[in-house]
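Following: one structure in structure tokens, then a few remarks.
The values are calculated or read from the model by the stated rules, or taken from the named source; none is laboratory data. No experiment lies behind these values; they were computed from the predicted model shown. So basically every Cβ, Gly included, is an ideal-geometry build from the backbone, and we count neighbours across all protein chains shown. Please note that ligands, DNA and RNA were not included when accessible areas were found on the heavy atoms of the full protein model with its side chains. Shrake-Rupley method; radii C 1.70, N 1.55, O 1.52, S 1.80 Å.
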Amino acid sequence: MLAAVGNPQKGLPFIHIAGTNGKGSTAAFLRSVLTEAGYRTGMYTSPHLEDFRERFSIDGEKISKEDFRSIGEWILGQNFEVSPTMSDYCLLLSLYYFKKYHCDVAIFETGLGGRLDSTNALGIPKVGVLTKIGYDHTGILGNTISEIALEKAGILKQGCRAVSGPQTREAEEVFERYCRERHIPVTFVVRQEIKRDGETFSYPGVGNFQISMLGKYQRENALTAVLALKELKDMGYHISEEALHQGIFKAKWPGRMEVLRREPFLLADGAHNHDGVLALADSLRELYPGEKFHFVMGVLVDKDYRHMADAILPLAHDVVTFTLEHERALNGEYLASYIRGQGVFARHSFSMEDAFAQNFDGEKAGKERKTVAFGSLYFVGALRNYIKSLHNI
């Protein structure tokens with residue numbers, strides 16, 4: 001496809017991100033700093049929360065309806081003599097969008113895996129970034145961490161530099177061996193070296209930082225981005241200390257440990273696999289030690305929903321399970337039944353109004369009630385839209 005339309009990826013420096021969890025947040029940190037440093041920065045991510053156009057952005061602004069329609073229609077009118085997937089079309093659209101507005105650099109997030117992902121046709125990245133590896137899409141990527149890590153490592157090519165967030169030893173060994181065989185320099189974030197001091201945190205060799213995003217895991221994502229940016233600086237990119245620190249602080253990524261309401265308290269997180277929910281639980285313990293929560297959980301049927309529930313139940317006062325309006329939605333009654341079997345009260349809801357009735361009824365909720373919604377980015381997106389509709393936004 002790329003060759004048929006003149007290889008629009010040629011001449012566009014890019015950062016490539018693969019991993020199981022944290023890709024979008026890491027991309028957001030990278031984009032924020034590069035924009036702060038004066039570089040026009042394109043970003044291609046998936047999935048979206050509320051609007052499909054969120055997947056294509058420049059300097060944090062999503063593609064306009066006009067550009068989305070005109071570029072999309074042109075691409076759909078081409079005869080590629082192959083059968084493109086939606087991901088193929090989206091990647092090509094992003095490239096033409098970034099080219100039209102003369103982006104200095106772009107950030108591409110893989111959709112699935114790495115080795116066989118559409119984005120891996122782009123060539124050699126300046127920096128290949130690997131975020132936390134966990135179990136997801138095992139039917140496609142493999143049944144072990146080593147197999148999954150090897151698929152993700154496929155984005156790394158001789159000539160690039162590699163940066164990895166904290167990994168299990170199993171995944172780390174795969175990346176070390178892969179990079180050694182290809183003569184790719186690789187740097188790892190060491191979790192034990194991250195030191196938190198109130199609202200700031202530090203890391204050897206890069207200094208102190210403050211972020212606006214909630215979540216213990218976001219410190220790891222931020223440092224992964226910082227080390228990748230350090231590699232870019234070594235290549236000659238002009239990124240001042242002020243741009244680095246301001247960009248990290250200003251970075252936002254909706255739907256990840258996002259507080260949607262303060263009173264009554266409502267937090268939404270897109271955690272959609274076991275490792276993601278473990279990270280959510282760990283962050284809740286750090287932010288609100290000793291507290292219990294009212295969880296609302298909406299999950300897709302192809303996810304490991306039992307282990308996801310197990311990870312959160314020790315923090316649960318009760319759980320409402322929600323059936324998403326999605327072709328792959330898990331019927332919430334199955335999940336509610338499983339949770340009740342684990343000794344925690346759970347009920348099933350088919351409507352957003354019913355699922356969050358306790359939270360949006362001020363008399364019933366009370367100031368101390370803390371509700372946490374999680375299980376799917378589709379669920380979080382639907383919830384954000386629902387809240388906007390209540391306020392006629």
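Residues with beta-carbon under 11 Å from that of SER202, excluding SER202: net charge, scoring Lys, Arg +1 and Asp, Glu -1?
My count for the surroundings of SER202 gives +1.
Using only alpha carbons, build the gyration tensor for the range 276-368 and give me the equivalent ellipsoid semi-axes, biggest first, whole Å.
Value: 20, 18, 12 Å, ordered largest first.
Collect residues whose amide H, placed 1.01 Å from N in the peptide plane, falls under 5 Å from the amide H of THR321; neighbours closer than 5 in sequence don't count.
It is MET297, ARG347, HIS348, SER349, by chain and number.
What percentages, rounded to whole numbers, describe P(r) for the range 98-183 computed over all alpha carbon pairs with 5 Å bin width beginning at zero?
The percentages, shortest bin first, are 3, 14, 25, 24, 18, 9, 4, 3, 0.
On the principal axes of its Cα set, how long, how wide and how thick is the range 1-151? Give whole Å, largest value first.
Answer, in whole Å and largest first: 43, 41, 31 Å.
What does the C-alpha gyration tensor say about the overall shape of the range 120-238? Classify as rounded when a/c is under 1.5, otherwise prolate if a/b is larger than b/c, or oblate.
Cα axes put the range 120-238 in the oblate bin.
Between TYR386 and ARG69, take the C-beta separation as r, use R0 = 30 Å, and let me know the FRET efficiency to the nearest 0.05.
0.65
Could you pull out the pairs from LYS99/LYS303; LYS23/LYS292; LYS157/LYS216; LYS132/LYS303; LYS65/LYS152 whose alpha carbons sit more than 27 Å apart here?
Table pairs above 27 Å Cα-Cα are LYS99/LYS303; LYS23/LYS292; LYS157/LYS216; LYS65/LYS152.
Return the ratio Rg/(2.2 N^0.38 Å) for the range 224-305, where Rg is computed over Cα atoms only.
So the Cα radius of gyration is 1.48 times the expected 2.2 N^0.38 Å.
For ARG177 and ASN331, compute 0.36 nm times the residue count separating them, minus their Cα-Cα distance, and round to one decimal in nm.
Roughly 51.2 nm would be gained on extension.
Over the chain, what portion of Cα pair distances is larger than 28 Å, expressed as a whole percent?
When all Cα pairs of the chain are counted, 48 percent exceed 28 Å.
Just the number please: accessible area per residue for the range 207-363, 1.4 Å probe, all protein chains included, in Å².
That works out to 44 Å² per residue.
Report, in cubic angstrom per residue, the convex hull volume of the C-alpha atoms of the range 194-351.
Considering the Cα atoms of the range 194-351, their hull volume per residue is 142 Å³.
Please go through the range 150-221 and write out the GluC sites (Glu not before Pro) that DSSP classes as loop and that have at most 10 other C-beta atoms within 10 Å.
Those that pass, being in a loop and sparsely packed, are GLU199.
Any chance you could tell me what percent of the C-alpha pair distances in the range 49-116 go past 13 Å?
Value for the range 49-116 (Cα pairs over 13 Å): 67 percent.
Can you tell me the mean projection area, over all orientations, of the convex hull of the range 143-183's alpha carbons? Units nm², please.
It is 2.7 nm².
Treat every Asp and Glu Cβ in the range 136-216 as -1 and every Lys and Arg Cβ as +1, leave all other atoms uncharged, and give the resulting dipole magnitude about the Cα centre to the nearest 20 debye.
Here the range 136-216 has a charge dipole of around 220 debye.
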